[in-house]
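Worksheet: one structure, shown below.
The values are calculated or read from the model by the stated rules, or taken from the named source; none is laboratory data. This one's a predicted model, so the numbers in the text were calculated from it and none came from an experiment. Positions of Cβ are backbone-derived with ideal geometry, glycine not excepted, and every protein chain shown enters the neighbour counts. In case anyone asks, the SASA skips ligands and DNA or RNA and just uses the protein heavy atoms, side chains included. Shrake-Rupley method; radii C 1.70, N 1.55, O 1.52, S 1.80 Å.
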Amino acid sequence: MSIKENLEEIRKAIGAHVQLVAVSKTKPVSAIEEAYATGQRVFGENRIQEMAEKAELLPKDIEWHMIGHVQDNKIKYMAPFVSLVHGMDKPKRLKALNKEAAKVDRVIDCLVQIHIAKEDSKFGFDFDEARNLFEQNLEEKYPNIRVRGLMGMATFTDDQEQVRGEFRALADFFKEMQSQSFSKSYFDILSMGMSGDYKIALAEGSNMVRIGSSIFGARN
Ligand SMILES: *Cc1c(COP(=O)(O)O)cnc(C)c1O
């Protein structure tokens, strides 16, 4: 199937209220152009320099999402243009993003990454660490970033009930944080679900999915 057909099928499956991030990491600019021609405007990359190089070559109305692990010393390369940073996995990462956003006089949207997988390799806050973070006055502490919600990755496993349980825990935590008095009106994004598990994520309440291989084909 073509990129266009894949996108049409996925858009039908996810519905209009869910934001689709087309994950174009490792894929050439021509593949992004093909998706762009179908109306896709939101693309996700996991390496800052690769994203910056592609952004340079592509139309300026693309919204670029950084979905990968963020290295503080590379933030400056995306600060001028990135539209959402998914991987805020430590307090010092928020501080670093805030600092670079201030330098370019922007307020940059980001998501706090929560560690929900039963794997050591995935980054993120645990629930208690995140609770502590949200109890702080983040707007005052970091005026150049806006925490728009949460992001999480489930364990890479065939056990669908495990994946469902992890997404459900994240969705419950998201609702809990939204109901807190310190919650802001713009705390509204729950980024969970990839090619292999987005249908489960949507059933559990995701409103933003990050899909790569089901659109662009397998990566090398
Ligand atoms: C690569 C990646 C995706 C997309 O993965 P697919 O399985 O190709 O859909 C989603 N989220 C993150 C954080 C990724 O690194």
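Residue by residue through region 115-135, note down the ones that are under 20 Å from Ala201 (Cβ atoms) and either assigned to a loop (DSSP other than H, G, I, E, B) or open to solvent by 30 Å² or more (accessible area, probe 1.4 Å) (or both).
The answer is His115, Ile116, Ala117, Lys118, Glu119, Ser121, Lys122, Phe123, Gly124, Asp126, Phe127.
Please go through region 17-65 and give me each residue that is among the polar types (S, T, N, Q) and on the phi > 0 side of the Ramachandran plot, ordered by number.
Thr26, the sole residue that qualifies.
Residues of region 205-220 being within 11 Å of the ligand (Cβ to nearest atom) and at positive phi, which ones? Before you say what the answer is, go through the steps one by one.
Here is the first cut: in region 205-220, the residues within 11 Å of the ligand (Cβ to nearest atom) are 208-219.
Matches in region 205-220: Gly217 only.
Pairs, please: C-beta under 6 Å, at least 6 apart or cross-chain, first residue closer than 15 Å to Ile32 by Cα and in region 206-220, second within 8 Å of the ligand (Cβ to nearest atom) and open to solvent by 50 Å² or more (accessible area, probe 1.4 Å)?
Matching pairs, first to second residue: Arg210/Met194.
Can you say whether Asp159 is without any contact (Cβ under 8 Å) to a residue 12 or more places away in the chain and among the charged types (D, E, K, R), as far as the supplied structure shows?
For Asp159, the condition - without any contact (Cβ under 8 Å) to a residue 12 or more places away in the chain and among the charged types (D, E, K, R) - is met.
In region 70-114, which residues are more than 23 Å from Ala171 (Cβ to Cβ), part of a loop (DSSP other than H, G, I, E, B) and open to solvent by 50 Å² or more (accessible area, probe 1.4 Å)?
Across region 70-114, the qualifying residues are Gln71, Pro80, Phe81, Val104, Asp105, Arg106, Val107.
Looking at Leu202, Leu133, Leu190, can you tell me which residue is within 16 Å of the ligand (Cβ to nearest atom) and under 17 Å from Gly87 (Cα atoms)? Let's see the steps before the verdict.
Values: Leu202 fails: under 17 Å from Gly87 (Cα atoms); Leu133 fails: within 16 Å of the ligand (Cβ to nearest atom).
Going through Leu202, Leu133, Leu190 in turn, the sole match is Leu190.
Within region 164-174, is even one residue open to solvent by 30 Å² or more (accessible area, probe 1.4 Å), within 14 Å of the ligand (Cβ to nearest atom) and without any contact (Cβ under 8 Å) to a residue 12 or more places away in the chain?
First, the residues of region 164-174 that are open to solvent by 30 Å² or more (accessible area, probe 1.4 Å): 164-165, 168-169, 172.
Checking which are within 14 Å of the ligand (Cβ to nearest atom) leaves us with none.
No, the conditions are met nowhere in region 164-174.
What is the residue count in region 1-22 for residues that are open to solvent by less than 10 Å² (accessible area, probe 1.4 Å) and assigned to a strand (DSSP E or B)?
2
Cβ-Cβ distance below 6 Å, separation of 6 or more or different chains: which pairs start in region 61-76 with a residue that is within 17 Å of Gly39 (Cα to Cα) and more than 11 Å from the ligand (Cβ to nearest atom) and end on one that is assigned to a loop (DSSP other than H, G, I, E, B) and open to solvent by less than 10 Å² (accessible area, probe 1.4 Å)?
Trp64/Val82
Suppose we filter region 23-41 for residues that are touching a Leu at 6+ places or on another chain (Cβ under 8 Å) and either open to solvent by less than 10 Å² (accessible area, probe 1.4 Å) or in a loop (DSSP other than H, G, I, E, B) (or both); how many remain?
So the count comes out to 4.
Yes or no, residue by residue, for (1) modelled with pLDDT under 95; (2) of a type in the set (Asp, Glu); (3) more than 23 Å from Gln19 (Cα to Cα):
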| site | (1), (2), (3) |
| --- | --- |
| Ala102 | no, no, yes |
| Cys110 | no, no, no |
| Asp120 | yes, yes, yes |
| Phe127 | no, no, yes |
| Asn132 | no, no, yes |
| Phe182 | yes, no, yes |
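Is there any pair with a first residue in region 43-54 that is in a helix (DSSP H, G or I) and a second that is surrounded by fewer than 19 Cβ atoms within 10 Å (Cβ to Cβ) and of a type in the set (Phe, Trp, Tyr) whose Cβ atoms are under 8 Å apart and which are 6 or more apart or on different chains, and what are they?
Taking only residues 6 or more apart or on different chains, the pairs are Ile48/Tyr77; Gln49/Tyr77; Ala52/Tyr77; Ala52/Phe81.
Looking at region 154-163, can you tell me whether even one residue there is within 24 Å of Val18 (Cβ to Cβ) and among the aromatic types (Phe, Trp, Tyr)?
Yes; the residues of region 154-163 include at least one that is within 24 Å of Val18 (Cβ to Cβ) and among the aromatic types (Phe, Trp, Tyr).
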